[in-house]
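Only one structure is covered here, and it is reproduced in the block below.
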Amino acid sequence: MRRHFYYELIRGRSLRVIVVALISWLFAADVRADEATPSALHRVTFADDRSVTRTVDCRILLTAQDGGLLLEGRDGKLWTVSPKQLEKSESSDETFQPLPADQLGQQLQQELIEFGIKSPSEIIQTKHYVICSTAGRKYGEWVGGLFERLHDAFHLFWKEDDLNLHEPEFLLTAFVLKDQTEFVQLATQHDGADAAVSKGYFSIETNRIVMFDLSATQNSAPAKSFEEIRQKMRKSPFNVATVIHEATHQIAFNSGMHTRFADNPVWLTEGMAMFFEVPDLESHSGWKTVGKMNQTRLVRFRELLKQQREPTSLHSLIQSDSRLKDAAVAEAAYAESWALTYYLIKNRKVDYITYLKTLQGKSRLKADTPEERLGDFSKAFGANLDDLGRDFKRWPAWRSK
Ligand SMILES: [Zn+2]
């Protein structure tokens, strides 16, 4: 089975991308959605991908015709269970409830131990987050503060729009590791070797962010104050942008903006993360940079504009994720996805909201065809993609300072 997570070396030269690979082997047959939001608590025992038997208290999101299950645990993790893996499924009269913060924190600490991370961990709890940190309490608190401000800024930005975004149902979780060595160790086991080459990532499957102390240098002691962290972070804004990018994915997938395991166009989800990724480390009261030009992406996009472009490039970006997954052209496709998102939000916001709402209605584990992708887009923005493409590329803002 392919893993389901986003990661990207945002500005790394060797950008590699793995994005949602739908589990078509399991749910190719018609899928029966038990309920829109199933409320019954189940206890399901199955052999996981490593053939370890697990018992998970969960709700059943989908049942395939062959008996395969898509489960959501009380910690927010998604599990796909094939009929062959399934050992026992018991229903109960109880209502499904997300884990409370203390139990979730204990579980995260237990997971670290299972993954062989030996350094002591601390749990930092904020309004929406439970952060498990081996990078010291101060750094964990700094990350928690950054995430909370981003969370509020995200909701504030979309507040006036008719998207019905909601508070996350599950407490949002993150592992913050003390250095890159621990990060690689955890990422490799948690999500595979590909994840370990990033600076941090959001796993759609586990709903967790995995990252490390970006201010740490070899043998440096954990930071003792926010000021010390901020000073170090000013020197690595690109790395901070990575963390914010991944945190935006997590918020978007937990607010009702996107649905985990639905076929979200990658240009859209990545464009959203890049729209918000511009770091705003100084602001204590709010995230003032939302909606500012992302200068790094803009520089790359300007280069693209200077090159001869195929007139169908917008088609190819919208109808399939292939350019964003192809390491040879992904960096350019990311810049184009940012630019398209930025252009549409600034110039066609009402239509962009219409498009988001269409995507909000997508079912889990159902892949769209290229024609369906284009159809959804045309329904919101009009059938003449060539005209839109021309206006997009000629937007004067791309050229102004
Ligand atoms: Zn991303």
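Annotations
- The range 90-114, subset open to solvent by 60 Å² or more (accessible area, probe 1.4 Å) and part of a helix (DSSP H, G or I), residue modelled with the lowest pLDDT: E114
- Hey, K288 over 12 Å from the mean Cα position of the chain (by Cα) and more than 15 Å from the ligand (Cβ to nearest atom) or not: yes
- One residue from M233, M293 being open to solvent by 10 Å² or more (accessible area, probe 1.4 Å) and more than 14 Å from the ligand (Cβ to nearest atom): M293
- Residue list for the range 340-362, filter: assigned to a loop (DSSP other than H, G, I, E, B) and either more than 20 Å from the chain's Cα centre (by Cα) or exposed (fewer than 14 other Cβ atoms within 10 Å of the Cβ) (or both): R348, G361
Table: residues versus (1) in a loop (DSSP other than H, G, I, E, B); (2) touching a residue at least 12 places away in the same chain (Cβ under 8 Å); (3) closer than 29 Å to L359 by Cβ.
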position	(1), (2), (3)
W142	no, yes, no
R149	no, yes, yes
F154	no, yes, yes
F170	yes, yes, yes
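- Listed by first and then second residue, the pairs linking a residue in the range 75-86 that is under 19 Å from Y129 (Cβ atoms) to a residue that is open to solvent by 40 Å² or more (accessible area, probe 1.4 Å) and not in a loop (DSSP other than H, G, I, E, B), with Cβ atoms under 8 Å apart and 6 or more places separating them unless they lie on different chains, are D75/Q107.
- Residues that are away from the ligand (no atom under 12 Å from the Cβ) and under 17 Å from F183 (Cα atoms), drawn from the range 236-261: N239, V240
- In the range 240-254, the residues that are among the charged types (D, E, K, R) form Cβ pairs under 8 Å with partners that are assigned to a helix (DSSP H, G or I), at six or more places apart or across chains, as follows: E246/A273.
- Count of the range 76-92 residues which are over 24 Å from the mean Cα position of the chain (by Cα), over 13 Å from D57 (Cα atoms) and not basic (K, R): 5
- Yes/no for G375 being closer than 30 Å to T63 by Cα and over 22 Å from the mean Cα position of the chain (by Cα): yes
- So S119, is it surrounded by fewer than 18 Cβ atoms within 10 Å (Cβ to Cβ), touching a residue at least 40 places away in the same chain (Cβ under 8 Å) and under 30 Å from F212 (Cα atoms): yes
- I124 of a type in the set (A, V, I, L, M) and closer than 21 Å to G256 by Cβ: no
- Search result, residues across the range 246-276 that are of a type in the set (F, W, Y) and either closer than 14 Å to S203 by Cβ or assigned to a loop (DSSP other than H, G, I, E, B) (or both): F253, F261
- Residues being within 14 Å of the ligand (Cβ to nearest atom), of a type in the set (S, T, Y) and in contact with a helix residue (DSSP H, G or I) (Cβ under 6 Å, 6 or more places away or on another chain) are entirely absent from the range 348-356.
- Residue check, S400 closer than 27 Å to L62 by Cα and polar (S, T, N, Q): no
- For the range 70-89, the set of residues classified as open to solvent by 10 Å² or more (accessible area, probe 1.4 Å) and either modelled with pLDDT under 95 or not acidic (D, E) (or both) consists of R74, K77, W79, T80, S82, P83, K84, Q85, L86, K88, S89, listed by residue number.
The values are calculated or read from the model by the stated rules, or taken from the named source; none is laboratory data. All values reported here derive from a predicted model rather than from experimental measurement. Positions of Cβ are backbone-derived with ideal geometry, glycine not excepted, and every protein chain shown enters the neighbour counts. Surface accessibility is based on the protein's heavy atoms, side chains included, excluding ligands, DNA and RNA. Shrake-Rupley method; radii C 1.70, N 1.55, O 1.52, S 1.80 Å.
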